[in-house]
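Accompanying notes for the structure given below.
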Amino acid sequence: MKRMFGFVGIIVGTQFIVSSAIAGTTYVSGVISTNTVWDATGSPYIVTGDVLIDSAVTLDIEPGVEVRIDSVKHIMIKGTLNAIGTATDSIIISARDTTKRWERLWFKPASAGSLKYCRIEYAGGSAIYDSTGSLTPALLVIKYNMISNNFASNHGGGIYTRGSSTIANNIITNNSANEGGGIWSYGSSTIANNIITNNSASLGGGGIQSEWSLIISNNTIIGNSASLGGGICSCWSPPITNNAIIGNSADYGGGIYHYGTSPIISNNIIRGNSASHWGGGIYHWSGSPIISNNIIRNNSAARGGSIWTGSRLPTIGSPKIKYNSIIDTTTSAIYIHSDSALIDSNNLYATGYAIWNNDTFDIDARYNYWGTVSNDTIDMKIWDFYDASTKGIVYYEPFLTKPLEFGIEERKKLRVESLELRVFPNPSTTGVRVQWSGVSEGQEISLKVYDLGGRLVKTVLTTKQGVEINLEELSKGIYFVRVETHTGLVTGDFKATKKIILMR
């Protein structure tokens, strides 16, 4: 929008007083008591004093609007705030002077709102402060926003939520707080599909601090830092699933720090995180977590480079660590401090001790693949009773003689985006050869042939990079061949399909 500048001069005595005006600029403060729209013609809106959106009142902010807020001022919502931009014309909510932070968007109990395609920055008291309460459905929707460079002296530098908000598809970066540098959550919020990067917390949860959440899923959590839980610090039992938790750092729990109860931590990529003390990938204290189907690799810590788990006596936890692929180069990959653990059906590639049993309880570690079939070598990868007679035994036999194949999420690297599929000769009279690249040799592949009606007429299984398909038994016409792995992850949501024309 073009800005028009003008000057108004007033002569008072011998003085010429000049005030500048910017056409379209709107100065706001006080109570909004009727439904109001802030549109681009009135932008920028300069908030010079605290603003209150009264109960049963809606403020709509339209695409392209800039809201610039004076130092320590806030917008409090008792009614409804809808700030909905577009992917090409966002809304900016920022400080009038970026060296002097404004306070917050403050959603009070029973208020509501939608924040979409906004750039929210330079707040000093949690940029989005949600105290709507744990109600269903979600009263506050926070999606597709850039939330950056915000601060809170207490909880939630970017977002504080004590309700049931939906927090999805946002970029949350360079925020800081005492707890929950990016997000602090207590309630039943859904935190999904966000990019959460380079946030920090002096205590817990550089990326996310979750006292209670409905789910933490499908987020990319990279390069955050805290004392406890560089990526995620959580209490109670929110499922932590399908996240990429990479390159975060902390004193305890570089990737994830969890305290209490029995969370499900599954299908995550947990890679390159570090803890100066314990639990480079995962630190769990007090409870019985289920840690399954994760790729945990190249994390580091003084103890438990990949996983550290323990409980406060006399309480004894029973963690289940299953179906994970663990690559570890530290002195101890899995460190069991004071628990009775089941460690079953994992791929354990460790240059140091794969399992360190620091407790008196025996550990069931059967049916794992240790990267070797030598008992002597496996013995050297275990620290237990045979190293210190006060400790329990790690029982590892029978063990697997080849690595397990899991359906874990990192295999999405084998999705069809990287698959090149060729079918020839095409058209054909008797059959075709199908060749592909982008899938590792030795992985089981199925080729399925469908007719025009969608009926499956032929299936071929192979571990090669190509196969001949005989189609002589089929009538002439048009068919489709689809390539997929044994776990179905080659195609995913994208169909790797080629048309075949069969002639006679």
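The values are calculated or read from the model by the stated rules, or taken from the named source; none is laboratory data. None of these values were measured; they are calculated from a predicted model. Cβ placement follows ideal geometry from the backbone for every residue including glycine, while neighbour counts extend to all protein chains displayed.
Tabulated data
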{"quantity": "S114 closer than 19 Å to N198 by Cα, of a type in the set (S, T, Y) and in contact (Cβ under 8 Å) with a residue 12 or more places away in the chain", "calculated": "no"}
{"quantity": "Neighbours by Cβ (under 8 Å, 6+ apart or cross-chain): first from the range 367-385, in contact (Cβ under 8 Å) with a residue 24 or more places away in the chain; second part of a helix (DSSP H, G or I)", "calculated": "W370/T377; W370/I378"}
{"quantity": "Residues satisfying the stated conditions in the range 214-228, i.e. closer than 14 Å to N193 by Cβ and either of a type in the set (S, T, N, Q) or not assigned by TED's automatic domain parsing to the domain that holds I282 (or both)", "calculated": "S217, N218, N219, T220"}
{"quantity": "T401, sole failed condition from (1) assigned by TED's automatic domain parsing to the domain that holds I290; (2) part of a loop (DSSP other than H, G, I, E, B); (3) touching a residue at least 24 places away in the same chain (Cβ under 8 Å)", "calculated": "(1)"}
{"quantity": "Count of the range 163-222 residues which are crowded, with 24+ Cβ neighbours inside 10 Å, out of contact with any Gly (no Cβ under 7 Å at 6 or more places or on another chain) and of a type in the set (A, V, I, L, M)", "calculated": "3"}
{"quantity": "Failed item, numbered, when D54 is tested on (1) under 31 Å from the mean Cα position of the chain (by Cα); (2) modelled with pLDDT of 95 or more; (3) not hydrophobic (A, V, I, L, M, F, W, C)", "calculated": "(1)"}
{"quantity": "Pair list, Cβ < 8 Å and 6+ apart or interchain, from the range 337-351 residues that are in a strand (DSSP E or B) to residues that are among the basic types (K, R)", "calculated": "L342/K320; L342/K322; I343/K322; D344/K320; D344/K322; D344/R366; L348/K381; A350/K381"}
{"quantity": "Residue match in the range 49-62 (condition: buried (at least 17 other Cβ atoms within 10 Å of the Cβ), in contact with a Ser or Thr (Cβ under 6 Å, 6 or more places away or on another chain), within 17 Å of G156 (Cβ to Cβ) and among the β-branched types (V, I, T))", "calculated": "no"}
{"quantity": "Identity of the residue in the range 475-488, at pLDDT below 80 and not in a strand (DSSP E or B), that ends up surrounded by the fewest Cβ atoms within 10 Å (Cβ to Cβ)", "calculated": "G488"}
{"quantity": "Residue that is hydroxyl-bearing (S, T, Y), in a loop (DSSP other than H, G, I, E, B) and closer than 17 Å to Y335 by Cβ, where the choices are S288, S262", "calculated": "S288"}
{"quantity": "Which listed residue, of A127, A177, A152, is touching a residue at least 40 places away in the same chain (Cβ under 8 Å) and either farther than 22 Å from H258 by Cβ or basic (K, R) (or both)", "calculated": "A127"}
{"quantity": "Members of the range 289-313 that are within 14 Å of G255 (Cβ to Cβ) and within 18 Å of the chain's Cα centre (by Cα)", "calculated": "I291, N294, I295, I296, R297, N299"}
{"quantity": "Residue match in the range 410-423 (condition: modelled with pLDDT of 80 or more, over 17 Å from K498 (Cα atoms) and of a type in the set (A, V, I, L, M))", "calculated": "no"}
{"quantity": "Every residue from the range 250-259 that is out of contact with any Pro (no Cβ under 8 Å at 6 or more places or on another chain), surrounded by 22 or more Cβ atoms within 10 Å (Cβ to Cβ) and assigned to a strand (DSSP E or B)", "calculated": "A250, Y252, I256, Y257"}
{"quantity": "Close pairs (9 angstrom Cβ cut-off, 6 or more residues apart or separate chains): at pLDDT 85 or above in the range 461-474, in a loop (DSSP other than H, G, I, E, B) anywhere", "calculated": "N470/T430; L471/T429; L471/T430; E472/T429; E472/T430"}
{"quantity": "The range 363-391: number of residues that are assigned to a loop (DSSP other than H, G, I, E, B), touching a Gly at 6+ places or on another chain (Cβ under 7 Å) and within 21 Å of N324 (Cα to Cα)", "calculated": "0"}
{"quantity": "Members of the range 229-243 found to be hydrophobic (A, V, I, L, M, F, W, C) and surrounded by fewer than 24 Cβ atoms within 10 Å (Cβ to Cβ), listed by number", "calculated": "C235, W236"}
{"quantity": "Options G231, G247, G281, G260; residue that is assigned by TED's automatic domain parsing to the domain that holds G187, touching a residue at least 40 places away in the same chain (Cβ under 8 Å) and not aromatic (F, W, Y)", "calculated": "G231"}
{"quantity": "Residues located in the range 340-354, provided they are crowded, with 24+ Cβ neighbours inside 10 Å and not polar (S, T, N, Q)", "calculated": "A341, I343, L348, A354"}
{"quantity": "Candidate set: the range 445-460, residues that are among the hydrophobic types (A, V, I, L, M, F, W, C) and loosely packed, with under 11 Cβ neighbours inside 10 Å; chosen: the one modelled with the lowest pLDDT", "calculated": "L452"}
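Every residue, every condition in (1) among the hydroxyl-bearing types (S, T, Y); (2) modelled with pLDDT of 95 or more; (3) surrounded by 19 or more Cβ atoms within 10 Å (Cβ to Cβ); (4) more than 30 Å from E472 (Cα to Cα), yes or no:
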residue: D328; (1), (2), (3), (4): no, yes, yes, yes
residue: H337; (1), (2), (3), (4): no, no, yes, yes
residue: D362; (1), (2), (3), (4): no, no, no, yes
residue: E405; (1), (2), (3), (4): no, no, no, yes
residue: T430; (1), (2), (3), (4): yes, no, no, no
